[in-house]
1. Could you tell me which residue of the stretch B:452-471 is farthest from the other protein chains (Cβ to nearest Cβ), considering only residues that are among the β-branched types (Val, Ile, Thr) and open to solvent by 30 Å² or more (accessible area, probe 1.4 Å)?
2. Going by the structure shown, is B:Gly137 in contact (Cβ under 8 Å) with a residue 60 or more places away in the chain, more than 14 Å from chain A (Cβ to nearest Cβ) and surrounded by 20 or more Cβ atoms within 10 Å (Cβ to Cβ)?
3. When A:Ser462 is evaluated against the numbered criteria (1) more than 10 Å from chain B (Cβ to nearest Cβ); (2) in contact (Cβ under 8 Å) with a residue 40 or more places away in the chain; (3) more than 25 Å from B:Ser452 (Cβ to Cβ); (4) more than 20 Å from the chain's Cα centre (by Cα), which criterion, by number, is the only one it fails?
4. Out of the residues in the stretch A:442-459 meeting the condition of being within 27 Å of the chain's Cα centre (by Cα) and in a helix (DSSP H, G or I), tell me which one is surrounded by the fewest Cβ atoms within 10 Å (Cβ to Cβ).
5. Could you identify the single residue in B:Ile245, B:Ile272 that is over 33 Å from the mean Cα position of the chain (by Cα), of a type outside the set (Lys, Arg), in the same structural domain as B:Ala14 (by TED's automatic domain parsing) and crowded, with 24+ Cβ neighbours inside 10 Å?
6. Could you pull out the residue among A:Val363, A:Val406 that is at pLDDT below 80 and either more than 20 Å from the chain's Cα centre (by Cα) or part of a loop (DSSP other than H, G, I, E, B) (or both)?
7. Please identify the pairs in which a residue from the stretch A:182-209 that is within 22 Å of A:Asp53 (Cβ to Cβ) has its Cβ atom under 7 Å from the Cβ atom of a residue that is assigned to a helix (DSSP H, G or I) and basic (Lys, Arg), counting only partners at least 6 apart or on another chain.
8. Taking only the stretch A:145-174 into account, find how many residues are β-branched (Val, Ile, Thr) and open to solvent by 60 Å² or more (accessible area, probe 1.4 Å).
Amino acid sequence: MDRRDFLKRLSAATATMGLAACTPAEKTKEIIGTESKKPTGEMTYRTVPTSGDKVSLLGYGCMRLPTVQHGSAREQKDIEIDQEELNAHVDYAIEHGINYFDTSPVYCQGRSEHHMGIALKRIPREKFLIATKLSNFAQEYWSREKSIEMYRNSFKELQVDTIDYMLLHSIGGTSGEYNSTQTFEKRYIENGILDFLLEERAKGKIRHLGFSYHGDIAIFDRALAMHDKCKWDFVQIQMNYVDWLHAKEVNPNNTNAEYLYAELEKRNIPAIIMEPLLGGRLASTLSFIAAKLKAHRPEDSIAKWALRYLGSFPNVLTVLSGMTYMENVKENIDTYSSVEPCTEEELALLEEVAQAMLRYPSVPCTGCQYCMPCPYGVNIPGIFQHYNKCINEGNVSVSNQDENYVKARRAFLMGYDRAVSKLRQADHCIGCGACVSHCPQGIKIPAEMQRIDKYVESLKQSMD
Amino acid sequence: MKSKFLKYARVVCAVVMMLSIITLFCDTTGIARHYLGWTVDIQFFPSISAGLIAAFVSTLVVTKLFGRIYCSVICPLGIFQDIVARLGRLTKKQKIKYSYSEEKLWMRLIIAVLFIASYLICAYPIVGLLEPYSIFGRMATTLLAPVGRLIAEYLAASSEAAGDYTFAMPAALNYSYVMLGVALFSLVLIAILAFRGGRTYCNTICPVGTILSIFAENSVVKPVIDHDKCVKCGLCARKCKASCIDSKNGKVDSSRCVDCMNCISACSKGAISFSTSSDKDKTPNIIKRIKDRFAKKAKEDVNATVATDESKRAFLTVGALVVGSAMTKSMAKTFDGGLAEITEKKEPVRTDRITPPGSKSYRHIKDVCTSCGLCITACPNEVLRPSEELDSLLTPVMSFEKGYCRPECKRCSDVCPTGAISLADLAEKSATHVGHAVFIADNCISLKKGVSCGNCARHCPVGAITMAPSVIGDETSPKMPVIDSQRCIGCGACENLCPSSPYSAIYVEGHRVHRID
């Protein structure tokens, strides 16, 4: 907890105490604490057409497992994963109806499968569905032998005999000098791995086979064209109310989820959803946008809207959400217990929200720090965080004719110097591009840095 | 009652003045200048340099009318001495008793002549070292401004915690131990003199005091002793900080009187009034006094102030050590993990130093700047610092390790009371070529490591830098900056933002005379 948080909490606590002190007589109902709030409904389940599997609408993402020390298990190998806490998460999740766990050999520096294996070993096998991937991204894994070795190792780590859901991991991407088509060929076709996995499914080692997709739409189309042969049991796509119609505006490499979903629905292939909150951007949004949503449903968090939205699509099998803290698990479960589908009017409202968000070009940075350290000392996530914070607080002006231009300029510049020390600000980005390949969001970091730098420069020069 | 009123009025004015000037030196926002800038603009010597004729003529007129009020309520060094003298009287068990002393006429004259001569022949830095406002300025810059920074930092942090952006994080101060040494030397010297004898400095050393005394020696209104009421008790003389009341003969030497009004409030008989005087009580004018001295052939002791070299050295080192450790603590910032260490930039060896835009030329700054340090405290970009070279000692020079001379800023020019730095507007600044950039291929990471960079070209505010292939005709060869020195204004953006550390691959060489176009 940093100082800012501390002060916030302190003032909140003081305020609460003050209120409590003021109204002792009026107290009619004792509230012991919000933590005692229990999920109010039942988990929703969706059925896989090919197998009849009942899958919980909320899936547990295993990309950011809890750690013993402060820090991210994704980033540093020496940060120990907290097995005990993970067990507690899994127990709570199972108890509240989650049965889908999504991992990969590459998550948490290669440790995710191992720890999930330990956690799930304690649970009766029929109570959970495990999904993992053939994550042969690195070129050294492109050979048939190495890929199969990776596949076999997943069984060992997860301590299971069958894998319920197996995915070709993130097709549509590029690798080094190879374009997306070549990469797809090298990873799964030329080495015969796709055929191998189909055989494994036939043998029953894999219960469902599918793929996850990011990037080049040609590969998505190509994979779906192979549906007659492969009989995909499911496909994992990025979808949320912004990506539905505006994926290109967020990231030119992406394709509208409307198209992806429609293609899957046409073939009766269920969709598994990743990035339901668009890297956290749909969990906290511009205050005036938040106010719009709050006006409709004052009780609901902003994130809940995004999750309810996805629940409204019948062909969505499960929505994956990464959970690092028990609070995340509880909150997610609470949200997904008894999902009410969005009404037509609400869908229109969300589209309006999406359009409003896109007018304010925040950077889709999730603060994962993969890009760091920048060899030139630039605090990349710090700069994006400040920029996005200013956007969300309405302190980024589109033009100097804006009503609150002076105030916004002041807040932006002063906050900038405080949030990021001068020698680590965007003007020190030389555009070497060392960070770009590390960004899981595919943010064009140098271009964004220059955009922010130009914005800062324009603000500074208009200072009187 | 009325007799006390004058003294209180003087104290109130002095306190307001002192606080204003201190605020000005401690301000990091640039706001204080708008409201308090006049307090330094009306300082006697700076107003002459800046050509503020109205200000310095009014000072002379007021002095001619009322005596050296200036020394009591406008000069910050004078007020400082009053504070020290007041402390002296508080701390001593027995209140210090001043006593009348003869005028140290020769010393006054020699220093005043030296001062005027230095000014006329531009023998920098004697002017700046003797001039009272600048002496105070250096003390404020080195000793008070850091405190101001700490307060500003605290305010920034607490206002941030409250989600408010009224106070900006202040820019760090470019600290100079040479300036600190000079400031401490004058501080200690003047403080000792003030502690023991009140306004000794003002009446023996201060050239402004001497010049004003010529106008004050027969001011229209001045403290006058009513011989009928006076009982020659000597109370007034014991209260006189300027040691200028000869109570035995009932005379006030108005050339040395600083109009503190203490004598008027001290006199139990109400014998002293601030009024016009009869011819009998007139202080002889300076020419007459000089003649008198020649006639008496009095041998004046002129070795009182020298022979302090040893102690100066000691003060320099001790002071530097103490303040040095305090400064590094307050300036050090800790960074969270995950950030690459930044090798701090070092100042390149420049053939010609860079002086701030608006200072016109080396010559102009030498002629006009009194090295008070106000511009250095005002610089929000950590660019200005006092020169530590002998020929430009303590005058402002620029370097770009921590920031560069931003196109939207002319705060140094706004605060400068002497006109040493003076810019009409930002357009003039952007047309002033204070230096030009020079490329050092050996340091360029684009050439050395083949990294695509171009940060210098991207940030050049005048578009003087373009990135061109390093091998002529080979478009794929690493790009290097090509500088159009005619366009370059020497702002230092390229030097500051160059990723090469500790020495940038592109740096600015100063111009002895600024080109404006």
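The values are calculated or read from the model by the stated rules, or taken from the named source; none is laboratory data. Worth saying up front: this structure is predicted, and the values here are computed from it rather than measured. Every residue, glycine as well, gets a Cβ built from its backbone with ideal geometry; the counts of neighbours run over all protein chains shown. Surface areas here come from the heavy atoms of the whole protein model, side chains and all, with no ligands, DNA or RNA. Shrake-Rupley method; radii C 1.70, N 1.55, O 1.52, S 1.80 Å.
1. The selected residue is B:Val471.
2. yes
3. Going through the list (1) more than 10 Å from chain B (Cβ to nearest Cβ); (2) in contact (Cβ under 8 Å) with a residue 40 or more places away in the chain; (3) more than 25 Å from B:Ser452 (Cβ to Cβ); (4) more than 20 Å from the chain's Cα centre (by Cα), A:Ser462 breaks only (1).
4. Selected residue: A:Ala447.
5. Checking each option against the conditions leaves just B:Ile272.
6. A:Val406
7. A:Leu209/A:Arg201
8. 1
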